[in-house]
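The values are calculated or read from the model by the stated rules, or taken from the named source; none is laboratory data. None of these values were measured; they are calculated from a predicted model. Positions of Cβ are backbone-derived with ideal geometry, glycine not excepted, and every protein chain shown enters the neighbour counts. Keep in mind that these areas ignore ligands, DNA and RNA; they rest on the heavy atoms of the full protein, side chains included. Shrake-Rupley method; radii C 1.70, N 1.55, O 1.52, S 1.80 Å.
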Amino acid sequence: MRPRLESFRCWYRVASLVWPTARSNEANLTPDSALMKRAIIRPTVCSPRACPAPLNTDERGRSVARHPYKDEMSNSSPARVVVTKVPRLPPRPLDSNKGTFGRVLIVAGSRGMSGAAVLCAGAALRGGAGLVRLAVPDGILAIVAAANPCYTTAPLPQDDHGRLSAAALPELLELVRGNSVAELGPGLGQSADLAGLLVAVLEQTTTPLVLDADALNVLVGRLDALRKHQGPIILTPHPGEFARLLGCDIPSVQTHREELAASFAATHGVVLVLKGHGTIVTDGRRVYVNTTGNPGMATGGTGDVLGGLIAALVGQKLETFAAAQLGVYLHGLAGDLARGQVGEVSLIASDLLDFLPRAFLE
């Protein structure tokens, strides 16, 4: 059993990570690889005067919560709290309509990657969204429209490789602004046009965003755009995507998952979901380590399901940290329920869609 962290009266001191090339010139690093070097946080017993003040403090150095979301938390330090209780959706009002539970936009897919779009939109439906619209390159519209009759579709201009082109920008901005939440990334591919589209969405809309997969890949070197968005943002990288964002390697990420995730979230003002065994959800102050899921979920498409599920929960007006936390928990639980029926070896991403209803009932 893990010791209760609040039993230690610690302040946190920032220390440098020792890289294999410890004498490398930090001036040659990207801003986020430099951040990564400084991000490792170790507990140090000392007096308040001897240590830096924790994040989000009042004039006396006491920790102050930033968010209205109330939960059962255990103090891991004056600067960070470990969240252990999983939130739930409230009961649905009897006079509800489809607009009550959010309009979710999924921007996904490209030639050869239509499955990512279908899985993501299907998860938004199974996650309880009232309305789901799937915006895709025109060339794959017929494929995704035939895959599920429960969402609507929007064709957007594409380039010669079947990816969204710069010409899609006016309609894309209109779609994002017209929905409760938008997820961008699964199966989009990478190009200069896509990078420009994402930056424009960040700078010119206020809609809550969930960014995954290729939306994260095109953010590399453009992380300053995150602070230009006036609405909440959730990022859902796997360790490889997070390593690219930081400019480091995967072993470094895996060795210091919680510290790096929390530091990145605080620096860029986002909720970060670092996927993997013990998926981490953090906004830089609160940290949740997930307890559900299994190795059978290490298969293509399961991340697309997670993103659509989280977007659906944001659309139902859960605060972004709570939406990410509940989404991660239910996603893993659906995987555990699926394992009980099909085993780990044969589990595929679409199984999660089949078992999400049972996960909600647990």
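Within the stretch 331-362, how many residues are open to solvent by 10 Å² or more (accessible area, probe 1.4 Å) and assigned to a helix (DSSP H, G or I)? Talk me through it step by step, then tell me what you get.
Looking only at the stretch 331-362, we keep the residues that are open to solvent by 10 Å² or more (accessible area, probe 1.4 Å), and these are 331, 333, 336-337, 339-346, 348, 350-351, 353-355, 357-358, 360-362.
Within this subset, residues satisfying the condition of being assigned to a helix (DSSP H, G or I) are 331, 333, 336-337, 339-342, 350-351, 353-355, 357-358, 360-361.
The total comes to 17.
Give the number of residues within the stretch 260-299 that are in contact with a strand residue (DSSP E or B) (Cβ under 8 Å, 6 or more places away or on another chain), open to solvent by 20 Å² or more (accessible area, probe 1.4 Å) and among the basic types (Lys, Arg).
1
Just to be sure, is residue 227 more than 17 Å from residue 188 (Cβ to Cβ) and touching a helix residue (DSSP H, G or I) at 6+ places or on another chain (Cβ under 7 Å)? Can you show your working first?
Details: more than 17 Å from residue 188 (Cβ to Cβ): yes; touching a helix residue (DSSP H, G or I) at 6+ places or on another chain (Cβ under 7 Å): yes.
Yes, satisfied.
How about the stretch 226-329: which strands (runs of 3 or more DSSP E) wholly inside it have at least 3 residues that are over 25 Å from residue 198 (Cβ atoms)?
Working: elements: 233-235, 271-274, 280-282, 286-289.
Strands (runs of 3 or more DSSP E) meeting the threshold: 286-289.
Can you confirm whether the stretch 69-80 contains a residue that is of a type in the set (A, V, I, L, M) and either at pLDDT 95 or above or surrounded by fewer than 17 Cβ atoms within 10 Å (Cβ to Cβ) (or both)?
Residues of the stretch 69-80 that are of a type in the set (A, V, I, L, M), as a first pass: 73, 79.
Pick out the ones that are also either at pLDDT 95 or above or surrounded by fewer than 17 Cβ atoms within 10 Å (Cβ to Cβ) (or both) and you get none.
Among the residues of the stretch 69-80, not one is of a type in the set (A, V, I, L, M) and either at pLDDT 95 or above or surrounded by fewer than 17 Cβ atoms within 10 Å (Cβ to Cβ) (or both), which makes the answer no.
Could you check the stretch 173-193 and list, in sequence order, the residues that are part of a helix (DSSP H, G or I) and either more than 27 Å from residue 300 (Cα to Cα) or open to solvent by less than 10 Å² (accessible area, probe 1.4 Å) (or both)? Spell out the reasoning first.
Within the stretch 173-193, the first condition is being part of a helix (DSSP H, G or I), and the residues that meet it are 173-177, 192-193.
Within the stretch 173-193, 173, 174, 175, 176, 177 meet the criteria.
Being under 30 Å from residue 258 (Cβ atoms) and not charged (D, E, K, R), is that true of even one residue in the stretch 109-116? Walk me through how you get there before you give the answer.
Kept after step one, since they are under 30 Å from residue 258 (Cβ atoms), are these residues of the stretch 109-116: 116.
Okay, now just the ones that are also not charged (D, E, K, R), so 116.
Among the residues of the stretch 109-116, at least one is under 30 Å from residue 258 (Cβ atoms) and not charged (D, E, K, R), which makes the answer yes.
Give the residue that is surrounded by the most Cβ atoms within 10 Å (Cβ to Cβ), with candidates limited to residues of the stretch 203-216 that are touching a Leu at 6+ places or on another chain (Cβ under 9 Å) and assigned to a helix (DSSP H, G or I). Even if it seems obvious, please write down each step before you answer.
Filtering the stretch 203-216 for residues touching a Leu at 6+ places or on another chain (Cβ under 9 Å) gives 204-205, 207, 209-216.
Keeping just the survivors that are assigned to a helix (DSSP H, G or I) gives 204, 214-216.
On the way: 204: 14, 214: 25, 215: 29, 216: 21.
Filtering first and then ranking leaves 215.
Residue pairs, Cβ under 6 Å, 6 or more apart or interchain, first in the stretch 337-361 and at negative phi, second buried (at least 21 other Cβ atoms within 10 Å of the Cβ) and among the basic types (Lys, Arg). List them.
Pairs found: 353/126; 356/126.
I want to confirm something. Restricting to the stretch 149-172 and keeping residues that are more than 21 Å from residue 217 (Cβ to Cβ) and part of a helix (DSSP H, G or I), which single residue is most open to solvent (accessible area, probe 1.4 Å)?
Among those that are more than 21 Å from residue 217 (Cβ to Cβ) and part of a helix (DSSP H, G or I), it is 170.
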